[in-house]
1. Restricting attention to segment 39-63, which residues are at pLDDT 75 or above, in contact with a Ser or Thr (Cβ under 6 Å, 6 or more places away or on another chain) and either surrounded by fewer than 24 Cβ atoms within 10 Å (Cβ to Cβ) or not aliphatic (A, V, I, L, M) (or both)?
2. For segment 69-80, give me each residue that is in contact with a Leu (Cβ under 6 Å, 6 or more places away or on another chain) and either within 29 Å of Ala270 (Cα to Cα) or in a loop (DSSP other than H, G, I, E, B) (or both).
3. For the structure I just gave you, tell me whether Trp66 is assigned to a helix (DSSP H, G or I), more than 19 Å from the chain's Cα centre (by Cα) and modelled with pLDDT of 75 or more.
4. If we scan segment 190-208, do we find a residue that is assigned to a helix (DSSP H, G or I), more than 25 Å from Asn315 (Cβ to Cβ) and at pLDDT 70 or above?
5. Are any of the residues in segment 357-375 touching an Asp or Glu at 6+ places or on another chain (Cβ under 9 Å), in a loop (DSSP other than H, G, I, E, B), surrounded by fewer than 18 Cβ atoms within 10 Å (Cβ to Cβ) and of a type outside the set (Gly, Ala, Ser)?
6. Can you spot a residue in segment 171-180 that is in a helix (DSSP H, G or I), modelled with pLDDT under 70 and hydroxyl-bearing (Ser, Thr, Tyr)?
7. State which residue is farthest from the chain's Cα centre (by Cα) when the search covers only segment 421-433 and only residues that are at pLDDT 90 or above and either in a loop (DSSP other than H, G, I, E, B) or closer than 16 Å to Phe131 by Cα (or both).
8. Taking into account only those residues within segment 443-466 that are at pLDDT below 80 and under 18 Å from the mean Cα position of the chain (by Cα), which is surrounded by the fewest Cβ atoms within 10 Å (Cβ to Cβ)?
Amino acid sequence: MLKYAFLLLFVALMVGVGLYSKKKVTTVQDFFLGGRQMGPWISAFAYGTTYFSAVIFIGYAGKSGWSFGISATWIGIGNALLGSLLAWLVLAKRTRKMTHELNASTMPEFFEKRYGSKAMKIATALIIFVFLVPYSASVYQGLSYLFEKVFGIPFIYCMLSIAVLTGVYLLLGGYVATAINDFVQGIIMLIGLALMLFFVVSHPMVGGLGEGIRKLSEIPGDGENLVKIFSGQPLDLLSLIILTSMGTWGLPQMVHKFYAIKNDDAIKKATIVSTVFAVIIAGGAYFAGAFGRLFLDNTVPLYNGKPNYDMIMPNMLDIALPDALMGIIIILVLSASMSTLSSLVLVSSSAISLDLVQGVLFPKMKKEKVMLLMRVLCVVFIAFSFIVAITPNAILTLMSFSWGTVAGAFLAPFLYGLYWKGTTKAGAWAGFIAGFACSIGSTIYFGMNAALAPKIGAVSMIVSLIAVPVVSFVTSKLPQRHVDKVFDTIRSSTEAAS
């Protein structure tokens, strides 16, 4: 009954925030960017809770902990230092200033105005809407596995309930509701993660940190690698760190947080808060996952008669945690997932409504109709994600495929576009196409191979980062007037701030 009570309280809170936020949403900018007035704490928690979802807690923590043991914690540390700290230091201030001065609300719009290419805007919008669906589906799956284990509710009904709840509070309050909920959800995640770590490490099957490491070292065959500081599979570990850390730099739902933050002072504070949040959440989740073998007798659990790594964490937590605490952990994972889902839905619906329909087809479309279209597309995206989610696929595969394709296409054109005047339109297109083609081509060639998915994503981003400067050096430069206009906005806004 306590688990149901926690769940009902959480649902009521989310809907309540949606109703409260509805009064603050009067324009498209309010719905999508919160009026660009988000403070440091809300922005930092929005970034962190969007970053870490059920994909981390259920899919990645379980599979990576099983494969790499204690060294899986490096993935969480990489997420904190590269995916959070460095991302804020390198991208946040520059992104906010350039998008604000260019009046760009989305990544497709940024590409159009930075490179003078409407075609790139259209291609970017289509990729966002199509290829964020698998990522959204992986979030549904991760959460549903846990709900099915704890509540005994069939998998498909769990996903349907999550979809409806996400749609309700997002349609009501847009980004304002999402940001406020992210802050509340972030606090829940911190409390829940601390309790989860305590009960996992102190459980008799682990027996404390020192005893747990000793028990891992004695597991037949794999024990020696499971307690190494660096795994015996360094390339696999490195590819996961690159994909899950650097990939965030090119994901529109992550970069979106920099568009909406209020000012440079808020960015400084948010950088610290976001990094600390990432260390605790990501580092703690992967560390806890390292002890999965001790709880499951070194045997991967079965789902529908087949070994399923996505069931490691749900089974482990069901054993390790008392019933009262499971209610909090369910809310923890639900919080992480809802924030990620809402950001994915918001960014994807805007790609079609703002960038394609209003931006290309009907530029004089009234704001009321744009708002209505965004809300309709939110529902469409949620429905598509639900359909993909009920198709059997490993969480890790879905997420890696999505991240690798989107970040592979966008990371290099976005990063070079912020800092390097010499980036040409052809260079941007080369990085865009190279990263996208590498991810899609490799995925088709290797047949959605789960073991290779992180490597494919990491290689796609690296290929794109190489392609942009190579092609830019040998192709025609953008008109100097255009480049000066773009970068003068940065210089003028920096001088005004100082």
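The values are calculated or read from the model by the stated rules, or taken from the named source; none is laboratory data. Treat the numbers as computed from the prediction; the structure is a model and nothing was measured. Note that each Cβ is placed from the backbone with ideal geometry, even for glycine, and that neighbours are counted across all protein chains shown.
1. Matches in segment 39-63: Tyr47, Gly48, Thr49, Thr50.
2. The one that is in contact with a Leu (Cβ under 6 Å, 6 or more places away or on another chain) and either within 29 Å of Ala270 (Cα to Cα) or in a loop (DSSP other than H, G, I, E, B) (or both): Ile75.
3. yes
4. no
5. The answer is no, given that none of the residues of segment 357-375 is touching an Asp or Glu at 6+ places or on another chain (Cβ under 9 Å), in a loop (DSSP other than H, G, I, E, B), surrounded by fewer than 18 Cβ atoms within 10 Å (Cβ to Cβ) and of a type outside the set (Gly, Ala, Ser).
6. yes
7. Thr424
8. Ala453
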